[in-house]
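S.K.: This structure is in structure tokens; I'll ask about it shortly.
The values are calculated or read from the model by the stated rules, or taken from the named source; none is laboratory data. Keep in mind it's a predicted model, so treat the numbers as computed, not measured. Heads up, the Cβs are rebuilt from the backbone with ideal geometry, glycines too, and the neighbour counts pull from every protein chain shown. Note: areas computed on protein heavy atoms with side chains; ligands, DNA, RNA excluded. Shrake-Rupley method; radii C 1.70, N 1.55, O 1.52, S 1.80 Å.
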Amino acid sequence: MKRLWLVVVLLLGACDSAPPARVTVYVPTHFEKQAAAWLRESGLEVTVIAGDSRANTDLIVGKQDAPRADVLVTSGVVDIWYAADNGALRPIAGDAFKDLPDTLKDPDGMWAATESRYMTIGTAPDLDILASLDLQKLAAPELSAQVCLSTSVLEDNRALIAMLIAEFGNRPAERIVRGWVRNLAAAPFASEEELIGALRSGDCRYGIISSAADAAGIDRIDLASRYYNIQGVGVARHAQNPEAAQQLLNWMLAQGSWDDLPASNSRNVGQAGWYEDEARLLAERAGYW
């Protein structure tokens, strides 16, 4: 009997000294350093693996991720939506999910936003702004040769087109985008930073930029109907440490503050995923590269 109790004590001691489960988190490259520092605050053991957001998503969808992902963080809603649509995520557990605005999380509980951003109109400094300027009015003939855009390849721009399709339908959305293209003062810029530089210099009078962009030196017009994109997060379906992954994700969501979130157009951001292919084709037809 004494030997039996000794074995039980040793086993309990071994359990007490077992290391905590390590959570493997795949993140976009630009978020790597910030994620590593931020996630350490959770108190969990975390390994951060960085790469292109869509490439990371494809690896997890195709079960080619090594090491196996526990949590996926994407730079935009389309990638996290794509992961869920292809069965690569599991439902989110925890109370923090319930506190998010309905527009910034999956109705089926597979993904959620850890950060959000929305599109605004940037203007050259000290410009006499047209009354009630909005995205539709940027397509008006009187703004010929005054509008600049960054490339439609950028995920925020592609998501914006998709959300216009969701709100207005394909043909009306295409008329808006074609109007932007007709009014271009220069070919679409390869980056948002280049577009903002052109606005600062006065080479462009108006441009569509993200609320997250560093737009010092230019003015902004916040739209009454805001079109959002998000940094998305979900727990991988084939997570090696699903309980620890859920704990980490719940902690991530609890860090957000959504009380002062500007009003959106009331459409779920996931619709950008539904209309991603149509948005790409629309941009091609409109000559918006």
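S.K.: Working only within segment 92-140, note down all residues that are within 23 Å of T57 (Cβ to Cβ), small (G, A, S), touching a residue at least 24 places away in the same chain (Cβ under 8 Å) and not in a helix (DSSP H, G or I).
M.R.: Pass one, segment 92-140, residues within 23 Å of T57 (Cβ to Cβ): 92-94, 96-97, 100, 103-119.
Narrowing further to those that are small (G, A, S): 93-94, 96, 109, 112-113, 116.
Filter once more, keeping what is touching a residue at least 24 places away in the same chain (Cβ under 8 Å): 93-94, 96, 112-113, 116.
The answer is A93, G94, A112, A113, S116.
S.K.: What number of residues within segment 83-97 satisfy the criterion of being open to solvent by 40 Å² or more (accessible area, probe 1.4 Å) and more than 20 Å from R267 (Cβ to Cβ)? Step through it out loud before you land on a result.
M.R.: Step one: list which residues in segment 83-97 are open to solvent by 40 Å² or more (accessible area, probe 1.4 Å), which gives 85-86, 90-91, 93, 95.
Those left that are additionally more than 20 Å from R267 (Cβ to Cβ): 86, 90-91, 93, 95.
Number of matching residues: 5.
S.K.: Restricting attention to segment 200-222, and to residues there that are of a type in the set (A, V, I, L, M, F, W, C) and open to solvent by less than 10 Å² (accessible area, probe 1.4 Å), which single residue is nearest to D128 (Cα to Cα)? Lay out the reasoning, then the answer.
M.R.: So in segment 200-222, the residues of a type in the set (A, V, I, L, M, F, W, C) come out as 204, 208-209, 212-213, 215-216, 218, 221.
Subset that is open to solvent by less than 10 Å² (accessible area, probe 1.4 Å): 204, 208-209.
Details: C204: 14, I208: 17, I209: 19 Å.
The extreme case among them is C204.
S.K.: Next question, about the same structure. So which helices (runs of 4 or more DSSP H) stay within segment 21-91 end to end and still have 2 or more residues that are out of contact with any Asp or Glu (no Cβ under 7 Å at 6 or more places or on another chain) and under 12 Å from V233 (Cβ atoms)? Walk me through how you get there before you give the answer.
M.R.: Working: elements: 32-40, 53-61, 77-85.
It comes to 32-40, 77-85.
S.K.: Has segment 202-215 got at least one residue that is within 30 Å of R68 (Cβ to Cβ), among the charged types (D, E, K, R) and not in a helix (DSSP H, G or I)? Full working, then the answer.
M.R.: Looking only at segment 202-215, we keep the residues that are within 30 Å of R68 (Cβ to Cβ), and these are none.
Checking segment 202-215: not a single residue is within 30 Å of R68 (Cβ to Cβ), among the charged types (D, E, K, R) and not in a helix (DSSP H, G or I).
S.K.: On to the next question. Collect the residues in segment 98-126 that are open to solvent by less than 30 Å² (accessible area, probe 1.4 Å) and of a type in the set (A, V, I, L, M, F, W, C), keeping them in residue-number order.
M.R.: L100, L104, W111, A112, A113, M119, I121, A124
S.K.: Here is a follow-up. For Y275, which of the numbered conditions (1) modelled with pLDDT of 95 or more; (2) touching an Asp or Glu at 6+ places or on another chain (Cβ under 8 Å) fails to hold?
M.R.: Only one criterion is unmet by Y275, namely (2).
S.K.: Name the pairs whose Cβ atoms lie under 8 Å apart, with the first residue in segment 30-47 and more than 28 Å from A213 (Cβ to Cβ) and open to solvent by 70 Å² or more (accessible area, probe 1.4 Å), the second part of a loop (DSSP other than H, G, I, E, B) and of a type in the set (A, V, I, L, M), and 6 or more positions between them or separate chains?
M.R.: Within 8 Å, the pairs are E45/A21.
S.K.: Does N183 satisfy the criteria of being closer than 20 Å to A279 by Cβ and open to solvent by 20 Å² or more (accessible area, probe 1.4 Å)?
M.R.: On the way: closer than 20 Å to A279 by Cβ: yes; open to solvent by 20 Å² or more (accessible area, probe 1.4 Å): no.
Spelling it out, it is not the case that N183 is closer than 20 Å to A279 by Cβ and open to solvent by 20 Å² or more (accessible area, probe 1.4 Å).
S.K.: Another question, then. Conditions: (1) of a type in the set (A, V, I, L, M, F, W, C); (2) without any contact (Cβ under 8 Å) to a residue 40 or more places away in the chain; (3) closer than 17 Å to N268 by Cα. A66 meets all but one. Number of the miss?
M.R.: Going through (1) of a type in the set (A, V, I, L, M, F, W, C); (2) without any contact (Cβ under 8 Å) to a residue 40 or more places away in the chain; (3) closer than 17 Å to N268 by Cα one by one, A66 breaks only (3).
S.K.: Right, here's the next one. Considering only residues that are hydrophobic (A, V, I, L, M, F, W, C) and more than 23 Å from the chain's Cα centre (by Cα), look in segment 149-180 and name the one that is surrounded by the most Cβ atoms within 10 Å (Cβ to Cβ). I'd like the intermediate steps shown before the answer.
M.R.: Initial filter on segment 149-180 (hydrophobic (A, V, I, L, M, F, W, C)): 149, 153-154, 159-166, 168, 173, 176-177, 180.
Pick out the ones that are also more than 23 Å from the chain's Cα centre (by Cα) and you get 176, 180.
Values: I176: 19, W180: 22.
Of everything passing the filter in segment 149-180, W180 is surrounded by the most Cβ atoms within 10 Å (Cβ to Cβ).
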